[in-house]
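Input: a single structure, listed below in structure tokens.
All of the numbers you see were taken from the coordinates with simple rules; none came from a lab. What you are looking at is a predicted structure, and each value in this text was computed from that prediction instead of being measured. Backbone-built Cβ (ideal geometry, glycine too); neighbour counts: all protein chains shown.
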Amino acid sequence: MKNHRQASEQPKEFLKSRIEAASKRKKAETVIKNGRIIDVFNQEIIEADVAIEAGVIVGIGEYEGTQVIDAKGLYISPSFIDSHVHIESSMVTPKEFSEILVPHGVTTIIADPHEIANVAGRDGIQYMLDSTEDLPLDAYIMVPSCVPATPFEHAGATLKAKDLTSFYEHPRVLGLGEVMDFPSVYHAEENMLDKLADNHTRNMHIDGHAAGLDSDGVNVYTTAHIKTDHEATSAQEALERLQRGMYLIIRQGSVAKDLPQLIDVVTDKNARRCLFGTDDKHIDDLLEEGSIDHNVRLAIQHGVDPLNAIQMASFSAAECYGLHHKGAIAPGYDADFLLLSDLTNIDIQEVYVKGEMVAKDGAYLHHSEEGTPPGDKLLDSINMTELTSEDLTIKLEANKKANIIEIQPNSLLTKHSCEEADTVKGLFQPSTERDQLKIAVIERHHRTGNVGTGIVKGLGIKNGALATTIAHDSHNIITAGTNDEDILVAVAAIKEMGGGLVVVENEEVVASLALPIAGLLSDESASTVKRGLDELKKGLERIEAPTHFNPFLTLSFLALPVIPDLKITDMGLFDVKTFKHIPVQS
């Protein structure tokens, strides 16, 4: 595959070549004929040739080319952009991730590596920058803004404004990643102001995370020049963000499936301010249903005009992030495009990057060797004290109510419930009849010995326990189960694997998936990870877990103390609305 990325290193030479091809003084390198061009500017279909020179579109009209692509009546669409994604949530390396996305028409991503940064700090960010070089897609990076997400937990690192400044010089860094610490913005705290100001002075982009914020909170964010949000969960929230000048990132991932609730907000008038993001999506979901292509199909199914949906997945996203060379089939834009057989099912026949075919009929065409190896800090990320049954005890007075995390399936939001719970000798006893299980977060970065315990309702398993090092965003070990013995075995297995996911029944590990890179990523192929996830599903069946939502994904977000209502950290039960820890006893 030709590498036209060197064009930025020799702008004059490439510009001359492109102008000569555009003016027809020479044949273009490639010309697409017999295609129907999707015009995202006017929401129309154009029938004309597309000329490409040195990886860039140089003309629409009648052209001759050294190479001719016969589109055979197919639609020529700009390729898709994932406006907000955490690669780590796929559990595979960036190389594996990219080779899955490209056949689904995604050739550009805006990635926030705050998951791995919360484990390994600057080393984690650098690993993601290094390992996203020379991929079959363009990976732009938003530098993590909140490591840790709040001061009410222990992450693997703390990143101040001064720790981030050197990353802003990287050509693929676009700005500051999702600002999720709203209180720090609201109170204009010094460290947050430094991060915001550093990006203002560089005219860089700042992503938001306005979970649960009312219109007054959105006013504060937009005043701070935070211009995107992917956390709207209702049409009213979406409208408030659009009215205040934010770009609305409509999220459809593995846990948060917000598109059906938000999509009716989209109109012909505001579609350019609406984009798609997956945020967090497991590799099995990516393989089975796709990425942004799935979001486009779903939007069309909900009544969005196909040309609007394609514009949102391409030009709207490019415009939001200042990628002026992406998102359209027009002169001066990168020749990143798709050949589609229809505009309803978005059936992708071929995918092109810089004018070169990279995927055909759902298959990636150019497999390569694994890229940047992770350093020792990323491969040795479990640093915890020994966990005992005493660490897991929860004291409760009999006949008194407890504060309980209540899961809402397929949502990051939880409810704060108050219920009576079973006790023996003043200690909480899990009850499958009440659907009340024990949950714990064990600090695994600095050997603090911190163990936060609580009660969770709605996880629904009937026996056993599960545990994982994927616990957003500080990624301590999170575990839940019906008894202490299985929880202890699950945590010990996680420590032995160096991170990952595990299912335990009757003090026996029945399924596991190792994630040795920071406890977040596998060093195996996507297909191997998929098989591991399939085995975990069988393990979940053994402990009679629900099937209408993903228990592991749901569990992993119960440690995120910036999304309402009630969550848990290594320091205990956390009330997101009051932004403070509370006791389990109500």
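Just a few scattered comments:
- With Cα atoms defining each centre, the stretch 502-521 and the stretch 150-185 are spaced 30 Å apart in the structure.
- Taking other residues whose beta carbon is less than 10 angstrom from the beta carbon of Glu319, and scoring Lys, Arg as +1 and Asp, Glu as -1, yields +3.
- Computed from Cα atoms, the angle from the helix 526-542 axis to the main principal axis of the chain rounds to 30 degrees.
- Sorting 416-426, 57-67 by average packing, meaning the other beta carbons within 10 Å per residue, from highest down gives 57-67, 416-426.
- Those lysines that a straight Cα-Cα span of less than 18 Å connects to Lys538, excepting residues fewer than 8 apart in one chain: Lys462, Lys530
- Pairwise label distance in nanometres, Met357 with Asp70, each label 7 Å out on the Cα-Cβ vector: 1.3
- Considering only beta bridges that DSSP places wholly inside the stretch 78-327, some 5 percent are antiparallel.
- Beta bridges assigned by DSSP with both partners in the chain are antiparallel in approximately 70 percent of cases.
- Applying 0.36 nm per residue to the separation of Lys577 and Thr344 and subtracting their alpha-carbon distance, the gain on full extension is 79.7 nm.
- In this structure, Thr448 and Glu288 have a Cβ-Cβ separation that, at R0 = 35 Å, corresponds to a calculated FRET efficiency of about 0.35.
- Inter-label distance, nm, simple model (7 Å from Cα along the C-beta direction), Glu390/Thr158: 2.9
- Filter on Lys72/Lys360; Lys24/Lys72; Lys495/Lys567; Lys33/Lys326 - keep pairs with C-alpha separation over 18 Å: Lys24/Lys72; Lys495/Lys567; Lys33/Lys326
- Largest first, the three principal axis extents of the alpha carbons in the stretch 78-327 are 45, 41, 33 Å in whole numbers.
- In nm, spacing of pseudo-spin labels at Asp216 and Asp422 (7 Å Cα→C-beta vector): 4.4
- Summed over qualifying helices (DSSP H, 4 residues or more, each -39500 (n - 2.57)) and divided by its residue number, the chain shows a 222 nm mean residue ellipticity of -7500 deg cm²/dmol.
- Mean separation of Cα pairs under 8 Å and 6 or more residues apart, divided by the residue count, gives the chain a relative contact order of 14 percent.
- Relative intensity, log₁₀ I(q)/I(0), of the stretch 220-296 from a Debye sum that treats every alpha carbon as a point, q = 0.16, 0.17, 0.19, 0.24 Å⁻¹: -0.57, -0.63, -0.76, -1.07
- Cα long-axis angle, helix 114-131 against the chain (0 to 90 degrees, to the nearest 10): 30
- Surrounding net charge for Ile329, when Lys and Arg each add one and Asp and Glu each subtract one, Cβ distance under 13 Å: -4
- For Lys26, the lysines whose Cα comes closer than 22 Å to its Cα, not counting residues fewer than 8 places off in the same chain, are Lys2, Lys12, Lys16, Lys354.
- Counting neighbouring beta carbons within 10 Å and listing from fewest to most, the residues Leu343, Leu101 come out as Leu343, Leu101.
- Highest-first packing order for the peptide set 111-117, 398-404, 93-99 is 111-117, 93-99, 398-404, based on the mean count of other beta carbon atoms within 10 Å.
- Volume of the Cα convex hull of the stretch 346-389, divided per residue and given in Å³: 193
- Centroid-to-centroid, using Cα positions, the stretch 39-83 and the stretch 398-477 are 53 Å apart.
- C-alpha long axis of helix 484-497 to longest principal axis of the chain, angle in °: 40
- Computed packing ranks the peptides 228-237, 161-170 as 228-237, 161-170, most packed first, by mean other Cβ atoms within 10 Å.
- Reducing the stretch 342-370 and the stretch 257-306 to their Cα centroids gives an inter-centroid distance of 20 Å.
- Cα pair distances exceeding 36 angstrom across the chain, given as percent: 35
- Listed by chain and number, the aspartates and glutamates placed with their C-alpha closer than 15 angstrom to that of Lys580 are Glu153, Asp181, Asp565, Asp570; residues fewer than eight positions away on the same chain are left out.
- At an R0 of 51 angstrom, the distance between the Cβ atoms of Asn506 and Leu365 translates into a FRET efficiency of 0.60.
- All distinct Cα pairs of the stretch 454-586 go into the 1/r average, and the inverse of that average, the Kirkwood radius, is 15.1 Å.
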